[in-house]
1. Which number in (1) over 13 Å from the mean Cα position of the chain (by Cα); (2) surrounded by 13 or more Cβ atoms within 10 Å (Cβ to Cβ) marks the one condition that residue 120 misses?
2. Being in a helix (DSSP H, G or I) and not small (Gly, Ala, Ser) narrows it down to one of 106, 157, so name that one.
3. Output yes when any residue across region 59-78 is in contact with a His (Cβ under 9 Å, 6 or more places away or on another chain) and among the charged types (D, E, K, R), and no when none is.
4. Looking only at region 123-154, count how many residues are assigned to a strand (DSSP E or B), touching a strand residue (DSSP E or B) at 6+ places or on another chain (Cβ under 8 Å) and either surrounded by 22 or more Cβ atoms within 10 Å (Cβ to Cβ) or of a type in the set (Ser, Thr, Tyr) (or both).
5. In region 55-62, is there at least one residue being free of Cβ contacts under 8 Å to residues at least 24 places away in the same chain and either under 26 Å from residue 184 (Cα atoms) or of a type in the set (A, V, I, L, M) (or both)?
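Laboratory data are not the source of any read-out in this text; all were calculated from the coordinates shown. Only a predicted model underlies this, so the values are computations on that prediction, with no experimental measurement involved. Note that each Cβ is placed from the backbone with ideal geometry, even for glycine, and that neighbours are counted across all protein chains shown.
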Amino acid sequence: MATIRTGNKSVLLVVDLQVGVVKDAWDIQRIVKNVKHAVDSARQHKVPVIWVQHSDEQLQSGSPQWQWVPELIPLQDELQIHKHFHSSFEQTSLDQNLATMGASHIILAGAATNWCIRSTAYAALERGYDLTLVSDCHTTEDMLLSDGSRIEASCIILELNVAMTWLNYPGRNNKAVSAKELSFEHIA
């Protein structure tokens with residue numbers, strides 16, 4: 001059962017915008033530009049930016065493919081979380097770090113929409129966090145299914161954006177907003 005979080009702080013969570021994760025991602029240059037804008041705005045308004053970086057057998061820690069895309073580099077004092085599963089919460093210190101910060105609201109951006117972003121969004125809501133998915137700050141690649149059919153990346157992205165506006169959890173708020181609509185002015 002989910003618990004409702006104490007605290008009133010927000011954080012920007014940037015997930016897996018790594019060279020190997022986004023090499024074939026849909027509209028990646030626009031997405032990276034939007035995420036950079038969100039990161040710069042969060043920093044300007046003193047909203048913590050937390051970086052989550054994935055590694056596994058295909059994405060070896062320290063390899064060129066594991067590195068952040070060059071436009072998005074964490075500052076030395078920004079928290080970095082290393083994960084091995086789709087959810088940014090699974091077997092990481094993210095939940096404990098957010099509790100220590102007094103964070104109850106996660107603003108989410110990154111890749112891949114259908115795996116790590118979806119898993120992290122649902123995990124955050126199930127753990128009692130309010131969630132804002134930045135609708136034009138996450139991406140993925142087309143999915144080619146075993147029967148030869150294809151699910152377009154743009155449809156995967158749209159579906160998760162719609163889901164984040166329609167989901168209903170008790171005592172929590174969730175939504176999807178564009179990078180232009182995202183405002184850190186009244187967020188602490």
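1. Here residue 120 clears every test but (1).
2. 157
3. Start the filter on region 59-78 by keeping residues that are in contact with a His (Cβ under 9 Å, 6 or more places away or on another chain), which leaves 61, 66.
Then keep just the ones that are among the charged types (D, E, K, R); that gives none.
No, region 59-78 contains no residue that is in contact with a His (Cβ under 9 Å, 6 or more places away or on another chain) and among the charged types (D, E, K, R).
4. 8
5. Scanning region 55-62 turns up no residue that is free of Cβ contacts under 8 Å to residues at least 24 places away in the same chain and either under 26 Å from residue 184 (Cα atoms) or of a type in the set (A, V, I, L, M) (or both).
Each row is one residue, and each column tells you yes or no for (1) among the small types (Gly, Ala, Ser); (2) without any contact (Cβ under 8 Å) to a residue 24 or more places away in the chain.
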position	(1), (2)
89	no, no
96	no, yes
108	no, no
111	yes, no
131	no, no
147	no, yes
154	yes, no
157	no, no
179	yes, no
